[in-house]
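What follows is a short report on a single structure.
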Amino acid sequence: MSSRIARCAIAAALCVVSGIAAHGRSVVDPDKAGLDLPFAVAISHDRIPLSSADLKESRVGQLLYRGGLQIESPDARFGGWSGLIVSSDGRRMLSQSDEAHWFIADIVYDESGNLTGIDNPQLADMDNLDGKPMAGKEGDAEGLAALTSKGGDGPVLVSFERNHRVWRYDLTRGPDPQPVSMPDAIKTLDSNSGLEGLTMLKPHSLLAIAETGQAANGDMPAWLVTYDGKDAGVHYGALSVKPHAPYEISDAAMSPDGRDLYLLERHYFGPLGGVIIAVRRVDASTVKPGARLEGEEIAKFTMHENIDNMEGLALRRDAAGHTLLYMISDDNYNHLLQRTVLLMFEVVR
């Protein structure tokens, strides 16, 4: 996350109580957990409209609202969610926090396929290379990418900032990570503006994008890295993302058909101005070494909508062929002024 957001709380308006359509609570018995995780977590979730100020609002740009949740937990480890994977069937989600925790849950929908809740929530600590849980910003995890169609139930890659690196995890096989070879150039990124965007462009091709403009021309540096899961050696090409003022990159995800790269962006104006969010779409065929990516803005969210510091992005396709887009927020563990929200949209053109 950007240093501005780290230093300051998002506007007090973020804590305005949202309109609530339904309320749910979920607690899991650890003995019945589907994965070998250390602990389950109690949560509560409230359904929220797209806008509490205008309950009839149902669309922002090319994104049609399909449901949203405000999620809370008494567990102090819950929060800071900075990445998101949703399974191809939409049933499971995985997120990671910037203080080294995993969040896994089942996603619940109504008969129309709209997001209505989550169930079977589980938390786990993220281990370091020594097999020990990381503490605080030692595990400042920002980007998350699935390596296979299994989504979070298979191997995933995680990018960390401050000590810039990418590690491979597979929670179905064990908690211990494996380091992934990356270009030496990532070590020169600003400490608190590392690889926020992380996604598999195609099999064996990883795309990593820095949060802020750090190239000589103000572009966000990016790299295409060959990774086949064995990590025999690093082969990469450098490229960049043209700034979309005034935003910073907070995540990246590929469309289910592989045709488009989606960029999640946000900008914090300060205690009075709050935060704005944008979604940018880039033709995936243009993502090549040496390219300067730009794309088009397809949606812009302001404090009029029920947003927060949106940092995680995921896409999938439903049985009817609709492209569905999910976003999750990082509350910076500032539970007084910020929220964890999970939002779902259908991409319409």
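I'd like the full set of residues that are aliphatic (A, V, I, L, M) and in contact (Cβ under 8 Å) with a residue 60 or more places away in the chain, limited to the range 213-264. Let's see the steps before the verdict.
Taking the range 213-264 first, the residues aliphatic (A, V, I, L, M) are 215-216, 220, 222, 224-225, 232, 234, 238-239, 241, 245, 249, 252-254, 261, 263-264.
Result: 222, 224, 252, 253, 254, 261, 263, 264.
Since residue 211 meets every condition but one in (1) modelled with pLDDT of 95 or more; (2) farther than 24 Å from residue 162 by Cα, which condition does it not meet?
(2)
Pull up the range 201-222, narrow it to residues that are among the hydrophobic types (A, V, I, L, M, F, W, C) and under 16 Å from residue 254 (Cβ atoms), then point me to the one that is surrounded by the most Cβ atoms within 10 Å (Cβ to Cβ).
Here is the first cut: in the range 201-222, the ones among the hydrophobic types (A, V, I, L, M, F, W, C) are 201, 206-210, 215-216, 220, 222.
The next check asks that each one be under 16 Å from residue 254 (Cβ atoms); those that pass are 201, 206-209, 222.
Details: 201: 18, 206: 22, 207: 25, 208: 27, 209: 25, 222: 24.
Filtering the range 201-222 for residues that are among the hydrophobic types (A, V, I, L, M, F, W, C) and under 16 Å from residue 254 (Cβ atoms), the one surrounded by the most Cβ atoms within 10 Å (Cβ to Cβ) comes out as 208.
From 330, 260, grab the single residue that is within 25 Å of residue 47 (Cα to Cα) and not β-branched (Val, Ile, Thr). Before the answer, list the steps.
Numbers: 260 fails: within 25 Å of residue 47 (Cα to Cα).
Checking each option against the conditions leaves just 330.
Among the listed residues 157, 189, 201, 206, which satisfies the condition of being touching a residue at least 24 places away in the same chain (Cβ under 8 Å) and closer than 19 Å to residue 131 by Cβ?
On the way: 189 fails: closer than 19 Å to residue 131 by Cβ; 201 fails: closer than 19 Å to residue 131 by Cβ; 206 fails: closer than 19 Å to residue 131 by Cβ.
None of the others qualify; the one that does is 157.
Of the residues that sit in the range 302-330 and are touching a helix residue (DSSP H, G or I) at 6+ places or on another chain (Cβ under 9 Å) and crowded, with 24+ Cβ neighbours inside 10 Å, which one is nearest to residue 150 (Cα to Cα)? Can you show your working first?
Restricting attention to the range 302-330, the residues satisfying the condition of being touching a helix residue (DSSP H, G or I) at 6+ places or on another chain (Cβ under 9 Å) are 303, 307-309, 314, 316, 330.
So of that shortlist, the ones also crowded, with 24+ Cβ neighbours inside 10 Å come out as 307-309, 314, 330.
Values: 307: 29, 308: 28, 309: 27, 314: 14, 330: 24 Å.
Among those that are touching a helix residue (DSSP H, G or I) at 6+ places or on another chain (Cβ under 9 Å) and crowded, with 24+ Cβ neighbours inside 10 Å, it is 314.
Do you know which residues across the range 267-286 are touching a residue at least 60 places away in the same chain (Cβ under 8 Å) and buried (at least 21 other Cβ atoms within 10 Å of the Cβ)?
268, 275, 279
Across the range 114-134, what is the number of residues that are farther than 29 Å from residue 89 by Cβ and touching a helix residue (DSSP H, G or I) at 6+ places or on another chain (Cβ under 9 Å)?
Our first condition is that a residue be farther than 29 Å from residue 89 by Cβ; within the range 114-134, this holds for 128-134.
So of that shortlist, the ones also touching a helix residue (DSSP H, G or I) at 6+ places or on another chain (Cβ under 9 Å) come out as 128, 133.
Residues in the range 114-134 being farther than 29 Å from residue 89 by Cβ and touching a helix residue (DSSP H, G or I) at 6+ places or on another chain (Cβ under 9 Å): 2 in total.
Return the residues of the range 331-340 that are farther than 13 Å from residue 80 by Cβ and surrounded by 24 or more Cβ atoms within 10 Å (Cβ to Cβ); say none if nothing qualifies. Before you say what the answer is, go through the steps one by one.
Restricting attention to the range 331-340, the residues satisfying the condition of being farther than 13 Å from residue 80 by Cβ are 336-337.
None - no residue of the range 331-340 is farther than 13 Å from residue 80 by Cβ and surrounded by 24 or more Cβ atoms within 10 Å (Cβ to Cβ), so the list stays empty.
Which ones in the range 81-137 are assigned to a strand (DSSP E or B), small (Gly, Ala, Ser) and within 22 Å of residue 250 (Cβ to Cβ)? Explain how you work it out, then say what you get.
Our first condition is that a residue be assigned to a strand (DSSP E or B); within the range 81-137, this holds for 81, 85-86, 92-97, 101-109, 115-125, 127, 133.
Going one step further and asking which of them are small (Gly, Ala, Ser), we end up with 95, 97, 105, 117, 124.
Residues satisfying the conditions are 95, 97, 105.
Check off (1) of a type in the set (Lys, Arg); (2) in contact with a helix residue (DSSP H, G or I) (Cβ under 9 Å, 6 or more places away or on another chain); (3) surrounded by fewer than 16 Cβ atoms within 10 Å (Cβ to Cβ) for residue 92 and give me the number that stays unchecked.
(3)
Search the range 57-80 for residues being of a type in the set (Asp, Glu) and part of a loop (DSSP other than H, G, I, E, B), and hand back the single one that is nearest to residue 167 (Cα to Cα). Working first, answer last.
Of the residues in the range 57-80, the ones of a type in the set (Asp, Glu) are 57, 72, 75.
Those still in the list that are part of a loop (DSSP other than H, G, I, E, B) too: 57, 75.
Values: 57: 40, 75: 26 Å.
Among them, the one singled out is 75.
Mind counting the residues in the range 135-187 that are hydrophobic (A, V, I, L, M, F, W, C), within 16 Å of residue 95 (Cα to Cα) and either over 17 Å from the mean Cα position of the chain (by Cα) or surrounded by fewer than 22 Cβ atoms within 10 Å (Cβ to Cβ) (or both)?
Residues meeting the conditions: 3.
Going by the structure shown, is residue 143 among the small types (Gly, Ala, Ser) and in a loop (DSSP other than H, G, I, E, B)?
Values: among the small types (Gly, Ala, Ser): yes; in a loop (DSSP other than H, G, I, E, B): no.
Criteria not met by residue 143.
Take residue 336 and decide whether it is touching a strand residue (DSSP E or B) at 6+ places or on another chain (Cβ under 7 Å), of a type in the set (A, V, I, L, M) and in contact (Cβ under 8 Å) with a residue 40 or more places away in the chain.
Numbers: touching a strand residue (DSSP E or B) at 6+ places or on another chain (Cβ under 7 Å): no; of a type in the set (A, V, I, L, M): yes; in contact (Cβ under 8 Å) with a residue 40 or more places away in the chain: yes.
In short, no.
Select from the range 287-299 the residues that are in a strand (DSSP E or B) and either surrounded by fewer than 16 Cβ atoms within 10 Å (Cβ to Cβ) or among the hydroxyl-bearing types (Ser, Thr, Tyr) (or both) and list them in ascending order. Give the derivation first.
Step one: list which residues in the range 287-299 are in a strand (DSSP E or B), which gives 292-293, 296-299.
Within the range 287-299, 292, 296, 297 qualify.
Matching residues to (1) more than 25 Å from residue 136 (Cα to Cα); (2) modelled with pLDDT under 50:
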{"site": "16", "(1), (2)": "yes, yes"}
{"site": "43", "(1), (2)": "no, no"}
{"site": "48", "(1), (2)": "yes, no"}
{"site": "66", "(1), (2)": "yes, no"}
{"site": "70", "(1), (2)": "no, no"}
{"site": "78", "(1), (2)": "no, no"}
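The values are calculated or read from the model by the stated rules, or taken from the named source; none is laboratory data. Just so we're clear, the structure is a prediction, and the values are computed from it rather than from any experiment. So basically every Cβ, Gly included, is an ideal-geometry build from the backbone, and we count neighbours across all protein chains shown.
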